[in-house]
Each structure stands twice: as C-alpha cells, then as structure tokens.
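Asks: Before anything else, here's the structure in question.
The values are calculated or read from the model by the stated rules, or taken from the named source; none is laboratory data. Nothing here was measured: the structure is a model prediction, and the numbers come from that model. Don't worry about glycine lacking a Cβ; one is built from the backbone with ideal geometry, like all the others, and counts go over all protein chains shown. Side chains included, ligands, DNA and RNA excluded: accessible areas come from the protein's heavy atoms. Shrake-Rupley method; radii C 1.70, N 1.55, O 1.52, S 1.80 Å.
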Amino acid sequence: MKNLIDILDLSLDEIFDLIQTAIKIKDNPVNYLEKCKHKKMATLFFEPSTRTRLSFEAAMYELGGNVIGFSEAQSSSSSKGESVADTARVVSCYSDIIVMRHPKEGAPVVASMNASVPVINAGDGGHNHPTQTLTDLLTIYLEKRRLDSFTIGFCGDLKFGRTVHSLISTLCRHKNVKMIFVSPEHLRLPGYAVLNYIDKNHIEYVETNDLDSIIPKLDILYMTRLQRERFSNIQCSSSMDNPYILTLDRLKNAKKDLCVMHPLPRVNEIERLVDSDSRACYFKQVLNGKYIRMALILKLLEIE
Ligand code: CP
C-alpha cells in the first residue's frame, strides 16, 4: 500500500499489524529513534489542526526524521492559485512522504495521483479522517483488548463529523458491534453512510435524540463537537446550541468500564469535571495518535 486516503484502504489484518507496531513503539520508543534518519515528511495543512499536524510532526521527529511544511493555505502558493495536483508534484521533490489536510473532500486523492511519494489523508472536508480512526481503534483495543463485540454510541454532529464516518466505516467490518446514534434530527448520519456501511454490513443500530436513555447500554461513548465551520446559514440558525453536554451526573448510570472518547477539539460537549473520571479516555487518545502515526509512517516508507 502506497497511500492512506480512506480507512477502508487498509485490511483488518493491516490495521491489526499497525496496532501491534504502535504498542511496541509505545513500550520501547528507544528502539525506533533512528528508523527515519535522513527521511523528510511534508505536512501540508490547508485547514487548521492541533493534534493531527503536531502528532505527525512529533512522530517523525521521534523516528529520527525531519519535517517541512505549512500550517495554513495562506502561507502556501495555493493562495496564488496553485492547484493541489501541482503542489503535490512539487512537494514530492522535497520530501519522502506527504501528510495533507484539506477542506475539500477528495483533495488528498488528487494529491496521491500526482505525487511520487506516499500521501496520507489527514482529514478531507466532511469525508474521512483515517489516521484519527487508527488512533481511535488503538485506543479501543488498549481499553477493551478487543475490536469486536461491544455497543458504541456516537453523539453530536453525525452529519459533518468525518471522524465518525471513518470510524463507522471500519467498525462495520467487525463482528457483533452494535451502534447507537444520538443527534438532533438535522445532524443525523448521512444517507450514504447508512446505506454503504451500516445496511450493507447488516449492523444492528438505533437512531435517537435521547442521550440519557442509552448511556447505560454503552461500552464506548464517542462524543463529537458541532462542526460549525461546515454548517450552511440555515443549519447555523437551527444548530447554534449543542443539546448534548456530557456531565458527571449523566454518567452516574453508565457502566463502570465505559470508555468515553472524543477526537477533540472539545468545545463544550464534555464538562471538565468528567476529565478526572476513570472512564474519560480522550486524552489517552491524543497520545495514542502519535504512536499509531509512527507505525503508519514506518509502514508507508517500508521501514522494518
Ligand atoms: N482530532 C483532530 O483531527 O484534531 P485536530 O483538528 O486538532 O487535528
């Protein structure tokens, strides 16, 4: 595999191998300090990011490599009208691997078709965020020691949340995963996701707008923020307030080993008191993201 554009580019065996490598790196980081010596990674971020960009950069540095790139479209020649295709071709001359985030769905595919080095999709519009999904899968595996046989609730903006779409698409390949979708009517999972992932794989699921009634059933709760940057004016007027705020009080009927996840950034969906509850896993997720990205860089650069 040369690029990672969609999480479905990876087989379940490949995902499991990446998870095992990430765990080995986490346990013995010193063994990996020089694996990417003399390699350069380019981070091309046309949209804001804290975790994805900085964890990729930290990952490359911890593998002994170097990083070049930009963190906003305005500081690149795309502001002068340069295409994604030309940008990818040019940056291939300076780097061994490209990580790209872009507000337009499909931009990383265009980049991969024009680059001569591997391209990783670091989030494209409302479509896909495969490395967040790898992060989420590593976190679920570390918390539950399995990637099947659980009930997961997705809560918040399920329409525009690309991390949700990516995670659902791959969890549908696992056995005995039940899904509960909690959102306002106008922010429900898009029809294509229900059709292509849920229905196609005969996944048992429920759609509801009532968070409290489903919390006791969950093994994993995946909270999301409202993706206001992707709202139209009409959606803005009907969606300014987030109806789902996870509080300690709401968790009192939850399972003792519930795993509360969130791709972050958080706005107000989880009150800060929850952070010190043993069920809060979202800051563990952040750290796991660096290790799984280290494993992915090694895989795409074909380094043992
Ligand atoms: N989870 C995530 O993609 O965060 P950033 O937007 O900060 O990269």
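Asks: Quick one: accessible area per residue over segment 130-285, 1.4 Å probe, rounded to a whole number of Å²?
Replies: In whole numbers, segment 130-285 has 42 Å² accessible per residue.
Asks: Further, regarding this structure: Give the value in nm², to one decimal: projected area of the alpha carbon convex hull of segment 246-296, averaged over all directions.
Replies: 3.9 nm²
Asks: Next question, about the same structure. In debye, nearest 20: dipole of segment 192-304 around its Cα centre with unit charges on the Cβ of K, R (+) and D, E (-)?
Replies: I would put it at about 300 debye.
Asks: Report relative contact order for segment 1-124 in percent, whole number only (criteria: Cα-Cα under 8 Å, sequence separation at least 6).
Replies: Relative contact order, segment 1-124: 29 percent.
Asks: In percent, what relative contact order does segment 157-304 have, based on Cα pairs under 8 Å that are 6 or more apart in sequence?
Replies: 21 percent
Asks: Give me the dipole magnitude in Debye, nearest 20, for segment 139-238 about the Cα centre, with unit charges on the beta carbon: positive for Lys and Arg, negative for Asp and Glu.
Replies: Dipole magnitude for segment 139-238 comes out near 380 debye.
Asks: How many percent of Cα pairs in the chain exceed 35 Å?
Replies: 18 percent
Asks: Of the options 177, 227, 214, report the single residue whose Cα projects farthest towards the positive end of the charge dipole of segment 130-285 (beta-carbon charges: Lys, Arg +1; Asp, Glu -1).
Replies: Toward the positive end, the furthest listed residue is 177.
Asks: How large are Rg and Dmax for segment 130-285 when calculated on the C-alpha trace, in angstrom?
Replies: When restricted to the Cα atoms of segment 130-285, Rg and Dmax are 14.5, 43 Å.
Asks: Something else: Would you mind giving the three semi-axes, in whole Å and largest first, of the ellipsoid equivalent to segment 2-44 according to its Cα gyration tensor?
Replies: Computed over segment 2-44, the values are 21, 18, 7 Å.
Asks: Continuing with this model, one more query. Quote the relative contact order of the chain in percent (integer), defining contacts as alpha-carbon pairs under 8 Å separated by 6+ residues.
Replies: For the chain, the relative contact order is 20 percent.
Asks: Would you look at the GNM of the chain, springs on alpha carbons closer than 10 Å, and say which of 132, 20, 74 moves the most?
Replies: 74
Asks: Quick check: net charge around residue 7, other residues with Cβ under 13 Å of its Cβ, Lys/Arg +1 and Asp/Glu -1?
Replies: Net local charge, residue 7 excluded: -3.
Asks: Rounded to the nearest 10 Å², what accessible area does residue 183 show when all protein chains are kept and the probe is 1.4 Å?
Replies: Answer for residue 183: close to 0 Å² accessible.
Asks: OK, next. What is the packing order of peptides 34-44, 94-104, taking the mean over residues of other C-beta atoms within 10 Å and listing the highest first?
Replies: 94-104, 34-44
Asks: Okay, moving on. How big is the Cα convex hull of segment 73-221 in projection, averaged over all directions, in nm²?
Replies: 10.6 nm²
Asks: I've got another one for you. Of 253, 150, 274, which is farthest towards the positive pole of the chain's charge dipole, taken about the Cα centre with +1 and -1 on the beta-carbons of Lys, Arg and Asp, Glu respectively?
Replies: Going by the charge dipole, the pick is 274.
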